[in-house]
Amino acid sequence: MNRTDVYTMGVDVGASSVKTVLMSYGSGEHPEILFKDCRRMRRRNPSVVADESMEDALSVAGLELKDIAYVASTGEGEMVKRKRGHFYSMTTHAKGAAFLVPAARAVLDLGALHARAMKINDEARVLSYRMTGQCASGSGQFIENITRYLGVSLSEVGALSLQSDHPERASSICAVLAETDVINMVSRGVSTPDIIRGIHESIAQRLVKLLSALKADSPLVLTGGLSRDAGMVEVIRRKVAEDDLGLTVLTHPDAIYAGALGAALWAGWRHFKLQEKASAAS
Amino acid sequence: MSETPRIVKEKSMVVQKKMLAAYYKGLASTGETGQKVVYTFVPGNLTELILSFGAQPVYPEINALQSGMRKKSMEFIRQAEKMGHSEDVCTYVKCDVGMMLKGNVGPTGETIPAPDLLLCSYTGCFTFMKWFENLAKMYDCPVVMLHVPYRSAGEASPAMVQYVVDQLRTRVIPALEKVTGRPYDEERLRTMLGLAAQAEDDMVYCFESAKNRPSPIDGYFAGVYYIGPIFTAFRGTEECVTYYRSLREDIDERIARGLGPITPEGQIEKEQYRLVVEGPPNWTNFREFWKLFYDRGAVVVASTYTNVGGSYDLGFRHDPAHPLETMARYCMSCYTNLSLPQRTAVLSNYVRDYHADGLLVNSIKSCNSFSAGQLQMLRRVEEETGVPVGFIESDLVDPRYFSYANLKNRLDSFFQMLDQKLTPGESDA
């Protein structure tokens with residue numbers, strides 16, 4: 001089968017941003033990423049943000065929508081107007097993570113509203129999963145709220161956390177309690193790095209519980225928005241080691257795109273499957 | 001102007017609504033009829049005994065959940081919180097207390113009479129004792145306590161049965177005699193227990209019909225309607241027998257025609273997932289909650305909540321030949337009085353016997369007697385059966401704990417996991 005010049009697109013609509021990946025299947029077996037984009041929603045309609053991101057992808061690649069063999073959405077992407085199919089986010093994150101780190105046997109998706117740990121096999125199939133409870137303490141949105149309160153930008157968070165000498169522990173039970181802890185820490189003059197590190201530790205404590213309940217196998221790949229927070233990654237590594245979970249914790253510069261990437265890969269799988277069916281019928 | 005969609009209801013639901021309306025009307029007229037009123041709890045209820053004395057039972061949890069379904073619970077809860085009840089107190093209690101403070105106007109708009117007796121059947125829920133302690137003061141009413149031993153070792157031993165029988169004989173029956181002015185009528189009680197057993201046979205048949213593919217019923221969302229008559233003021237009556245016989249006939253017809261369950265938006269055309277659910281449902285957003293399931297073709301084939309009043313799965317039926325012993329055994333059989341290993345076994349057996357694809361736990365924020373141990377049970381069932389498990393959280397009648405986005409988000413993941421198991425390789429919506 002000639003896979004040359006087959007393009008697919010994956011659009012991952014998350015709680016705070018839209019991620020888009022354009023892939024080319026080219027002539028090789030391994031498809032490659034032509035374009036990737038992460039765009040904050042900033043209270044705009046997700047469908048409009050997704051449209052803008054898709055337009056940029058096409059423009060950068062010099063393509064038109066008709067050139068894309070299959071557009072797939074994931075996450076909350078069912079409202080993406082120009083999609084052809086929708087794939088569930090657990091399977092897309094698994095697929096995307098395994099593409100980035102083929103040895104991955106567990107994935108920890110650290111999104112804005114929830115964290116989800118998955119156990120996967122060598123074909124990126126999800127074998128079991130665990131999610132955080134209803135409380136938002138284990139979520140990226142919580143960190144975002146705290147950074148706003150502390151007056152630092154999201155991109156600074158990782159580096160600040162790594163500077164901490166004496167992390168201040170915040171509540172790991174409830175985001176509202178943790179936020180109260182932070183207000184109290186500020187009034188006591190606790191340094192920003194120590195506050196942020198304390199938050200990272202409280203979140204990591206919950207995540208490690210998820211991984212332990214899942215009986216996750218190694219290596220573990222972190223995906224989602226928090227996977228590029230170096231402070232968070234470092235604390236997860238440390239907690240995983242302290243709890244003796246026997247997991248190597250990996251991340252990847254493109255891990256934030258895992259959902260969109262997985263959607264683009266599932267889009268390719270679906271496209272070639274449809275093509276096979278069509279040629280068998282003729 | 002958009003039209004309000006027509007809500008589809010099963011025949012049995014319509015019948016039950018009429019039964020409940022008549023029940024509440026009957027309660028409202030006890031002032032005129034002179035009938036005595038006994039408040040008691042659903043788990044391990046002694047309905048036949050109360051009815052045999054010609055008294056009317058009132059179940060505060062039923063009033064609370066009915067108020068929840070009719071969007072009236074929030075104002076009652078607020079009222080109780082104003083009085084000093086904490087946010088963490090069981091929301092059934094607060095709903096009940098708030099309702100009383102607001103004039104005891106029940107869910108149907110009719111006044112619920114004050115109790116002449118509070119019969120506290122303690123079946124593992126510590127809150128029950130505190131609840132009736134409060135009501136005893138508020139209504140200035142006598143309380144009779146029935147201590148039902150917890151089945152920590154599994155089965156109910158002969159000594160445990162005797163312990164409950166002794167309490168019935170020496171405390172509960174004398175208290176009922178005193179309040180109603182009538183002597184204990186064992187023959188009348190035997191007749192009622194015989195009727196109870198007939199209804200129980202038919203009810204078990206109805207729930208076990210979910211072993212069919214497709215299941216003709218939803219054993220949780222519709223199941224809570226099906227348990228209505230048997231766990232409230234009707235068990236032991238001809239009316240109850242008629243209700244379950246009619247329900248059984250309806251279900252038989254659905255099985256013969258290969259039909260799936262009826263939901264508020266019509267029949268489920270394609271049974272996509274077969275689930276077992278642990279824990280009570282959310283009442284304040286009941287239809288919205290159910291819709292999250294039926295929109296995905298998810299059918300609950302078995303649920304533990306339908307054993308809340310008493311369990312019939314292991315063959316228990318009321319035995320008119322031994323009236324007090326059978327009531328003692330019944331009290332000890334209610335689901336929250338079972339030990340955690342027994343509850344786990346119930347769940348694992350459901351998964352296997354009903355060919356379920358997954359187990360979902362709805363953990364109730366304010367109900368410790370149901371929620372304690374659920375995570376451990378969930379892990380154990382996962383190990384024993386290998387099916388995917390999911391965990392969601394909501395509350396009984398406090399709408400503040402119902403978070404649609406959180407529930408949907410978690411259910412989405414659960415359904416994705418089921419898809420992975422059911423159709424490996426395929427993953428699209």
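The values are calculated or read from the model by the stated rules, or taken from the named source; none is laboratory data. Predicted, not measured: the structure shown is a model, and the values here were computed from it. Note: ideal-geometry Cβ built from the backbone for every residue, glycine included; neighbour counts use all protein chains shown. When the accessible area is computed, the model is the full protein with side chains, heavy atoms only, and any ligands, DNA or RNA have been set aside. Shrake-Rupley method; radii C 1.70, N 1.55, O 1.52, S 1.80 Å.
Enter the Cα centre distance for the pair region A:148-215 and region B:247-285, rounded to the nearest angstrom.
Going from one Cα centre to the other spans 46 Å.
Kirkwood hydrodynamic radius for chain B: how many Å is it when counted over pairs of different Cα atoms? If you can, show how the numbers build up before the last one.
Numbers: mean 1/r = 0.0453 Å⁻¹.
Averaging 1/r across every pair of different Cα atoms and inverting gives 22.1 Å.
Which net charge results when you count Lys and Arg as +1 and Asp and Glu as -1 among the other residues whose beta-carbon is under 9 Å from that of B:Val300? Before the final figure, lay out each step's value.
Working: positive: B:Arg274; negative: B:Asp218.
Once positives and negatives cancel, what remains is 0.
May I ask for the distance between the Cα centers of region B:62-93 and region B:361-429, given as a whole number of Å?
Each part's Cα centre sits 25 Å from the other's.
Express in nm, to one decimal, how much length is gained between B:Asn104 and B:Thr127 on full extension, taking 0.36 nm for each residue of separation and deducting their alpha carbon distance.
Values: separation 23, 0.36 × 23 = 8.28 nm, distance 2.06 nm.
That pair, B:Asn104 and B:Thr127, stretches by 6.2 nm at full extension.
Give me the percent of accessible area attributable to carbon and sulfur for region B:105-261, probe 1.4 angstrom.
On the way: 3410 of 6590 Å².
Heavy-atom surface of region B:105-261 belonging to carbon and sulfur, 1.4 Å probe: 52 percent.
Taking the Cβ of B:Leu375 as the center, what net charge do the other residues with Cβ under 12 Å away carry, scoring Lys and Arg +1 and Asp and Glu -1? Each step should come with its number before you reach the end.
Working: positive: A:Arg130, A:Lys209, B:Arg379, B:Arg380; negative: B:Glu278, B:Glu382, B:Glu393.
Value of the local net charge: +1.
Return the distance in nm (one decimal) between the two label points of a simple spin-label model at B:Asp88 and B:Met138, each offset 7 Å from Cα along Cα→Cβ.
With each label point 7 Å from Cα toward Cβ, the separation is 2.1 nm.
Identify the GluC sites (Glu not before Pro) of region B:145-247 meeting these criteria: DSSP loop state and at most 14 other C-beta atoms within 10 Å of the C-beta. Intermediate values should be presented prior to the final figure.
Values: sites: B:Glu155, B:Glu177, B:Glu186, B:Glu187, B:Glu200, B:Glu208, B:Glu238, B:Glu239; in loops: B:Glu155.
Answer by residue number: B:Glu155.
Which values of log₁₀ I(q)/I(0), to two decimal places, follow from the Debye formula for region B:11-182 at q = 0.16, 0.19 Å⁻¹ with a uniform point scatterer at every Cα?
Here log10 of I(q) over I(0) equals -1.00, -1.30.
Just to be sure I understand the curve: with the Debye formula and one point per C-alpha of the protein assembly as shown, what is log10 I(q)/I(0) at q = 0.07, 0.08 Å⁻¹?
-0.56, -0.71
Give me the number: length gained by fully extending B:Gln376 to B:Thr33, i.e. 0.36 nm times residue separation minus the C-alpha to C-alpha distance, one decimal in nm.
Details: separation 343, 0.36 × 343 = 123.48 nm, distance 5.03 nm.
Gain on stretching B:Gln376 to B:Thr33: 118.4 nm.
Post the alpha-carbon centroid distance, region B:126-169 to region B:199-220, in whole angstrom.
31 Å
Give the lysines whose C-alpha is closer than 29 Å to that of B:Lys17, dropping any in the same chain fewer than 8 places away, or say none.
Counting by Cα, and skipping residues close in sequence, B:Lys17 has these lysines nearby: B:Lys9, B:Lys25, B:Lys36, B:Lys71, B:Lys72, B:Lys94, B:Lys102, B:Lys211, B:Lys270, B:Lys291, B:Lys365.
Based on a Kirkwood Rh over C-alpha pairs, give the Stokes-Einstein translational diffusion coefficient of region A:102-251 at 10 °C and viscosity 1.306 mPa s in µm²/s.
Rounded to a whole number, D works out at 104 µm²/s.
Would you please name the trypsin sites (Lys or Arg not before Pro) within region A:202-282 that are DSSP coil residues with at most 14 other C-beta atoms within 10 Å of their C-beta? Present the calculation step by step, with values, prior to reporting the outcome.
Details: sites: A:Arg206, A:Lys209, A:Lys215, A:Arg228, A:Arg237, A:Arg238, A:Lys239, A:Arg270, A:Lys273, A:Lys277; in loops: A:Lys215.
Loop-located and lightly packed - A:Lys215.
Using a probe radius of 1.4 Å on protein heavy atoms only, what is the accessible area buried between chains A and B, both sides summed, to the nearest 100 Å²?
Summed over both sides, the interface buries about 2400 Å².
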